[in-house]
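Computed from the coordinates by the stated procedures, all read-outs in this text should not be read as laboratory data. Note that the structure is predicted; figures quoted are calculated from it, not measured. So basically every Cβ, Gly included, is an ideal-geometry build from the backbone, and we count neighbours across all protein chains shown.
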């Protein structure tokens, strides 16, 4: 169960990176007012963004129209089930029966879906970042520095 949550945190980080790149297309006013440094610094805007839940990020990313939202909604629903209901509904029944296969399988399926989503997001972000770097004459140095910081953090996972 804990590994499932770690995987979902990695997906959240990558979704935030994608939102950072496309923030001007997002209808949520506080998002399109962010600057790249706000995603990492201690500004109030940055703190507000970093507190967004996976469900809130899903709603924000709908504006970008880059991901399969139905699949992302299923992912968020499953993550929320694991966080809020797995123990009460599934694991307690498993203790009674002595069989944990269904719970283990559910978590493994979620981890597999997390890996697929994570790899897709990493590939998208890599390509976008590579394209942006090739246009570095139009980007300011601060943005490129923040992008390098994001790449470092996303690759640490």
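Let me spell it out: the conditions are (1) surrounded by 13 or more Cβ atoms within 10 Å (Cβ to Cβ); (2) under 14 Å from the mean Cα position of the chain (by Cα), and residue 63 meets all of them except one. Which number is the exception? Unmet for residue 63, out of (1) surrounded by 13 or more Cβ atoms within 10 Å (Cβ to Cβ); (2) under 14 Å from the mean Cα position of the chain (by Cα): (2).
Within the range 100-107, is there a residue that is without any contact (Cβ under 8 Å) to a residue 40 or more places away in the chain, at positive phi and outside any helix (DSSP H, G or I)? No, because not a single residue in the range 100-107 is without any contact (Cβ under 8 Å) to a residue 40 or more places away in the chain, at positive phi and outside any helix (DSSP H, G or I).
How many residues does the range 8-50 contain that are assigned to a loop (DSSP other than H, G, I, E, B) and surrounded by 14 or more Cβ atoms within 10 Å (Cβ to Cβ)?
Quick first cut of the range 8-50, residues assigned to a loop (DSSP other than H, G, I, E, B) only: 22, 26-28, 33-35, 40-43.
Applying the additional criterion that residues be surrounded by 14 or more Cβ atoms within 10 Å (Cβ to Cβ) yields 22, 26, 28, 34-35, 40, 43.
Of the residues in that region, 7 qualify.
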